[in-house]
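The values are calculated or read from the model by the stated rules, or taken from the named source; none is laboratory data. Computed from a predicted model, the values in this text were never measured in an experiment. Here the Cβ positions follow ideal geometry from the backbone for every residue, glycine too, while neighbour counts run over all protein chains shown. Ligands, DNA and RNA are stripped out before the accessible areas are found, and what is left, the full protein with its side chains, is counted by its heavy atoms. Shrake-Rupley method; radii C 1.70, N 1.55, O 1.52, S 1.80 Å.
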Amino acid sequence: MPTSKIGGIGSYVPENKVTNNDLKQFMDTSDEWIQERTGIKERRYAHRTNETTTTMAVEAAKIAIERAGITAQEIDFIIFATLSPDYYFPGCGVLVQRALQMKEIGALDIRNQCSGFVYALSVADQFIKTGMYKNILVIGSEKHSFGLDFSTRGRNVSVIFGDGAGAVVLQATEKAGQGILSTHLHSDGQSAELLAMYNPGTHANHWVTNPVASYNEAPAGDMFMSKEMIDKAENFPFMDGPAVFKKAIVKFPEVIQEALTKNGLATSDIDLLIPHQANLRISQFVQQKLGLRDDQVFNNIQHYGNTTAASIPIALCQAWEEGKVKEGDLVCLAAFGSGFTWGSALLRW
Ligand code: ACO
């Protein structure tokens with residue numbers, strides 16, 4: 001049975017650097033507050049019109065495909081993880097298929113927020129193990145800057161997020177012990193509303209309870225967003241920061257330990273842990289709880305902020321480019337985020 005390995009990796013971040021001090025022109029915040037609570041010094045924001053979640057993904061994908069030593073026409077399937085798609089529908093996967101002039105292959109979009117890339121990798125891994133596909137393009141990309149509340153009201157969320165994309169080509173390999181060893185996925189919807197963007201959605205559109213009445217009762221032009229929704233900031237992400245922190249610091253170590261136990265390995269065997277770059281304080285807490293040395297954990301949130309589904313492939317790509325991931329290394333990817341959803345992937349590079 002084939003297993004799957006990362007054959008090529010690429011990333012792309014926009015040129016536009018936005019420092020903590022830059023944010024002070026829009027909201028009441030400070031460099032000290034942001035660095036102390038999140039570790040973030042700067043993040044990148046995409047060009048308002050010329051760069052989208054898809055265009056950034058395409059740039060990252062081109063690099064990953066080239067490094068895998070194949071052409072875009074040899075990709076068998078696309079899996080695209082994002083919470084900030086170009087369009088409400090269709091998803092970004094088909095836009096990548098079009099931009100890279102790929103064959104009429106399948107394209108699947110995944111909506112698992114910060115865990116999106118680990119979920120996507122896990123799905124791709126299953127397709128490869130069954131022998132259905134040989135080369136799968138797995139992407140995480142986000143353009144958060146288009147939809148954050150840059151007023152003081154939204155400062156606890158908006159200072160955290162940045163834009164960027166990362167991509168890998170997952171390939172079949174027959175080499176025993178190489179590639180993805182296992183993946184582990186979880187969810188608990190009990191706290192779904194603690195880290196969420198409530199609208200546009202169908203939940204609050206109460207008039208749709210009666211489909212006949214709905215079209216008569218719905219005020220014109222008010223199908224998706226009412227003034228009340230906008231006044232309550234329901235078109236912006238909401239986060240109960242302390243609640244997310246408390247859950248994340250339990251679930252991250254748990255799901256990393258689950259992957260190690262499954263493979264008969266220990267934390268001392270990990271060469272590099274790449275946690276989803278949620279918040280530097282969360283990563284440090286996880287490191288401490290697992291007793292990992294500094295050189296066993298990779299963080300780059302300081303320079304890119306939290307790029308949600310893109311954070312793991314961007315960090316993995318940087319670590320690989322810096323020579324911190326070498327052949328034979330045991331690499332652990334772990335994520336936690338909105339849903340709540342969380343997951344891990346253990347791989348032998
Ligand atoms: N600048 C200045 N002051 C701020 C800012 C800001 N950007 N944001 C909030 N504050 C203020 C608040 O208004 C509040 O003021 P008050 O005491 O006068 O009411 C004070 O700082 C404390 O606010 P809290 O929201 O309680 O801040 P907290 O200390 O919890 O820190 C943080 C917020 C950093 C988000 C923290 O809760 C945290 O680390 N949470 C983990 C969640 C996380 O990192 N999520 C990342 C995205 S989700 C994911 O990827 C899983």
Problem set entry | Residue that is farthest from Leu280 (Cα to Cα), among those in segment 64-84 that are acidic (Asp, Glu) and in contact with a strand residue (DSSP E or B) (Cβ under 6 Å, 6 or more places away or on another chain) | Glu74
For this session: Give the residues of segment 152-175 that are more than 11 Å from the ligand (Cβ to nearest atom) and either free of Cβ contacts under 8 Å to residues at least 40 places away in the same chain or of a type in the set (S, T, N, Q) (or both), sorted by residue number.
Result: Gln171, Thr173
For this session: Within segment 268-295, track down each residue that is of a type in the set (A, V, I, L, M, F, W, C) and either away from the ligand (no atom under 15 Å from the Cβ) or open to solvent by 50 Å² or more (accessible area, probe 1.4 Å) (or both).
Result: Ile270, Leu272, Leu273, Phe285, Leu290, Leu292
Exercise. Does any residue in segment 243-267 that is farther than 13 Å from Ala335 by Cα come within less than 6 Å, Cβ to Cβ, of a residue that is modelled with pLDDT of 95 or more and within 14 Å of the ligand (Cβ to nearest atom) six or more places away or on a different chain, and which pairs are these?
Worked result: Ala243/Leu194
Problem set entry | Exclusive hit being surrounded by fewer than 23 Cβ atoms within 10 Å (Cβ to Cβ), farther than 18 Å from Asn235 by Cβ and within 13 Å of the ligand (Cβ to nearest atom), set Ser191, Ser187 | Ser191
Exercise. List, please: which pairs have Cβ atoms under 8 Å, are six or more places apart or on different chains, and start with a residue in segment 177-189 that is in contact (Cβ under 8 Å) with a residue 40 or more places away in the chain and end with one that is acidic (Asp, Glu)?
Worked result: Ile180/Asp125; Thr183/Asp125; His184/Glu258
For this session: Return the only residue of Leu347, Leu333 being at pLDDT 95 or above and either touching a helix residue (DSSP H, G or I) at 6+ places or on another chain (Cβ under 7 Å) or open to solvent by 30 Å² or more (accessible area, probe 1.4 Å) (or both).
Result: Leu333
For this session: Within segment 7-40, track down each residue that is part of a loop (DSSP other than H, G, I, E, B), open to solvent by 90 Å² or more (accessible area, probe 1.4 Å) and within 16 Å of the ligand (Cβ to nearest atom).
Result: Lys24, Gln25, Phe26, Asp28
For this session: Would you mind telling me which numbered condition in (1) touching a Gly at 6+ places or on another chain (Cβ under 6 Å); (2) open to solvent by 50 Å² or more (accessible area, probe 1.4 Å) Phe117 fails?
Result: (2)
Problem set entry | Matching strands (runs of 3 or more DSSP E) fully within segment 56-143 where at least 2 residues are among the hydroxyl-bearing types (Ser, Thr, Tyr) | none
For this session: Please state which one of Ala61, Ala124, Ala46 is open to solvent by less than 40 Å² (accessible area, probe 1.4 Å), small (Gly, Ala, Ser) and out of contact with any strand residue (DSSP E or B) (no Cβ under 6 Å at 6 or more places or on another chain).
Result: Ala46
Problem set entry | Leading residue by the ranking (farthest from Leu316 (Cα to Cα)) among those in segment 73-89 that are touching a helix residue (DSSP H, G or I) at 6+ places or on another chain (Cβ under 9 Å) and free of Cβ contacts under 8 Å to residues at least 60 places away in the same chain | Tyr87
Exercise. Within segment 10-44, which residues are polar (S, T, N, Q) and out of contact with any Cys (no Cβ under 7 Å at 6 or more places or on another chain)?
Worked result: Asn16, Thr19, Asn20, Asn21, Gln25, Thr29, Ser30, Gln35, Thr38
Exercise. Among (1) open to solvent by less than 50 Å² (accessible area, probe 1.4 Å); (2) under 27 Å from Lys17 (Cβ atoms), which single condition is Leu265 missing?
Worked result: (2)
Exercise. Which of the residues belonging to segment 233-262 are open to solvent by 60 Å² or more (accessible area, probe 1.4 Å) and more than 9 Å from the ligand (Cβ to nearest atom)?
Worked result: Phe238, Val250, Glu254, Gln257, Glu258, Thr261, Lys262
